[in-house]
């Protein structure tokens, strides 16, 4: 946790949004990713997000119907 009132408020707001998502879309998987200290821009950072969203090692850009 942090002593920052700003970050505590942001966390509270995000938790409320996550709760709404869970209520509305509870049948779908919801993946939480950490807040990054910088913007997610560029291929390398997008690949980092991809690894968090698809930790099983799915190929980026691979179509589900491609076999």
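The values are calculated or read from the model by the stated rules, or taken from the named source; none is laboratory data. Since the structure is predicted, the reported quantities are computational estimates derived from the model, not experimental observations. Note that we place each Cβ from the backbone using ideal geometry, even for glycine, and neighbour counts take in every protein chain shown.
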field: Every pair of residues 6+ apart whose Cβ atoms lie under 8 Å, when the first sits in segment 47-66 and is at pLDDT below 55 while the second is assigned to a helix (DSSP H, G or I) and surrounded by 10 or more Cβ atoms within 10 Å (Cβ to Cβ)
entry: 60/47; 60/50
query: Would you pick out the residues in segment 34-50 that are more than 14 Å from the chain's Cα centre (by Cα) and part of a helix (DSSP H, G or I)?
result: 43, 44
task: Give segment 1-28 a look and list any residue that's assigned to a helix (DSSP H, G or I) and over 24 Å from residue 53 (Cα atoms), or say none.
output: 5, 6, 8, 9
